[in-house]
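The values are calculated or read from the model by the stated rules, or taken from the named source; none is laboratory data. Please read all numbers here as calculations on a predicted model, not as lab measurements. A quick note on method: Cβ atoms are made from the backbone with ideal geometry, for glycine too, and the neighbour counts reach across all protein chains shown. We work out accessible area using only protein heavy atoms, side chains counted, and drop any ligands, DNA or RNA first. Shrake-Rupley method; radii C 1.70, N 1.55, O 1.52, S 1.80 Å.
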Amino acid sequence: MGRLLQLLSRASASNSWWPGCPEFALPDVVPDPPLKVLLVVAHPDDESECAATLYRITHELGGVVDQVIVTNGAGGQNFSTPALDYYGLSRNEGIAKLLPSLRRREVMGAGRIIGIRHHYFLGQEDAGFTLDPGEGLRSWDLPRLRHKLRNLLHSEQYDLVLTLLPAQDTHGHHQTVAVLALEAAAAMPLASRPAVAGVRAGSPANGTVPVFSELTGFPATRTTSGAPVWSFDRRTPLKHNAALNHSIIVHWVIAEHKSQGMFQMEYGRHTHEYFLQFATGSERWDALWQKFAELGPVTRQLATAEAA
Ligand SMILES: [Zn+2]
């Protein structure tokens, strides 16, 4: 079958099935990717939290990753001073008004590194840091967001939806976005529903392995256990050169976000990307686990390992 696809695509590329024969167009033959993932995040830099895993999916497993960015990132100016010189802006002029367009450019650059197929910019207000998940629920265009997310899930039939882990100590926008993504997934029939997981980077060495059961007031965010179901070690060697590892990809991605100074201070702090499974229900988890086993040294952990 693989050989047939190769022949067909070669013939299609040359627009001729057989030398000397009249040319006719063959339909493009595009096999389904082995893994289709939608990352739904609040801000243009949140993708860094799982950049190594996403890179491995797109570059080493042949998978597809799309990214939804809910806000315009206008609130991220607190630590943007170093970017003034980089972007040739004066101190008086400031960076605030330009942040949405600059950050859009930055996340597109990060997406080129990770291998993001499509970016969807939903342009919602970003009034800056908050711990309140209700802020987004009050200020964003919820009917439009819900419509967009449900349409995407329905039309693309993703295997997996990733959000940042909606822990109480993280940005309220991350919490709101996770709630909206879970809502959209839960609206689908169980058989076609994607699995949904929350991601957070951490390190066993500094005690930052995430623990999370549910965001208070939002039962849709309940996880199957309080602990990660799997993790990816960023120090896993890259496929074509064992002397190099996936931390390089994460550093490249972080470096794209010149306007986010504090974010740069996280450099090298996290060695692992941890994934917690939401309990929304999906018939795809077992098949997904098989696919992730192909990613290599990903660690299946704790409760799930015990239940298996
Ligand atoms: Zn964020």
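A few points about this structure:
- When restricted to residues that are free of Cβ contacts under 8 Å to residues at least 60 places away in the same chain, surrounded by fewer than 21 Cβ atoms within 10 Å (Cβ to Cβ) and either touching a strand residue (DSSP E or B) at 6+ places or on another chain (Cβ under 8 Å) or of a type in the set (Gly, Ala, Ser) (or both), the stretch 180-197 contains 2.
- Single residue of the stretch 137-158 satisfying the filter (farther than 19 Å from His173 by Cα and among the hydroxyl-bearing types (Ser, Thr, Tyr)) that is surrounded by the fewest Cβ atoms within 10 Å (Cβ to Cβ): Ser155
- Number of residues in the stretch 222-238 that are without any contact (Cβ under 8 Å) to a residue 40 or more places away in the chain and buried (at least 24 other Cβ atoms within 10 Å of the Cβ) equals 0.
- Checklist (1) of a type outside the set (Ser, Thr, Tyr); (2) more than 23 Å from Ser80 (Cα to Cα); (3) outside any strand (DSSP E or B) applied to Leu162, failing item: (3)
- Leu61 being more than 30 Å from Arg144 (Cβ to Cβ), modelled with pLDDT under 95 and away from the ligand (no atom under 16 Å from the Cβ): yes
- Cβ-Cβ contacts under 8 Å between residues 6 or more apart (or on different chains), taken from a first residue in the stretch 32-53 that is more than 16 Å from the ligand (Cβ to nearest atom) to a second residue that is of a type in the set (Gly, Ala, Ser) and part of a helix (DSSP H, G or I), are listed as Ala52/Ser247.
- Residue count, the stretch 166-188 (criterion: closer than 27 Å to Gly62 by Cβ and either in contact with a His (Cβ under 9 Å, 6 or more places away or on another chain) or more than 16 Å from the ligand (Cβ to nearest atom) (or both)): 3
- Note on the stretch 19-56: residues that are assigned to a loop (DSSP other than H, G, I, E, B) and at pLDDT below 95 amount to 17.
- Residue selected from the stretch 44-71 under the condition touching a Gly at 6+ places or on another chain (Cβ under 8 Å) and open to solvent by less than 10 Å² (accessible area, probe 1.4 Å), by the criterion nearest to Leu180 (Cα to Cα): Val70
- Of all positions in the stretch 117-134, at least one carries a residue that is open to solvent by 70 Å² or more (accessible area, probe 1.4 Å) and either in a helix (DSSP H, G or I) or under 30 Å from Arg56 (Cα atoms) (or both).
- Flag for Arg104 being free of Cβ contacts under 8 Å to residues at least 40 places away in the same chain and surrounded by fewer than 18 Cβ atoms within 10 Å (Cβ to Cβ): no
- Matching residues in the stretch 182-227 - criterion: being out of contact with any Leu (no Cβ under 7 Å at 6 or more places or on another chain) and β-branched (Val, Ile, Thr): Thr208, Val209, Val211, Thr216, Thr224
- When restricted to residues that are over 21 Å from the mean Cα position of the chain (by Cα) and either in a loop (DSSP other than H, G, I, E, B) or modelled with pLDDT of 95 or more (or both), the stretch 189-212 contains 2.
- Long-range neighbours under 6 Å by Cβ, at least six apart or interchain, first residue acidic (Asp, Glu) within the stretch 154-179, second part of a strand (DSSP E or B): Asp159/Lys36
- All of Leu89, Leu84 fail the test of being assigned to a helix (DSSP H, G or I), among the aliphatic types (A, V, I, L, M), away from the ligand (no atom under 16 Å from the Cβ) and free of Cβ contacts under 8 Å to residues at least 24 places away in the same chain, apart from Leu84.
- Within the stretch 229-259, the set of residues being over 24 Å from Pro210 (Cβ atoms) and in a strand (DSSP E or B) comprises Pro237, Leu238, Asn241, Ala242, Ala243, Leu244.
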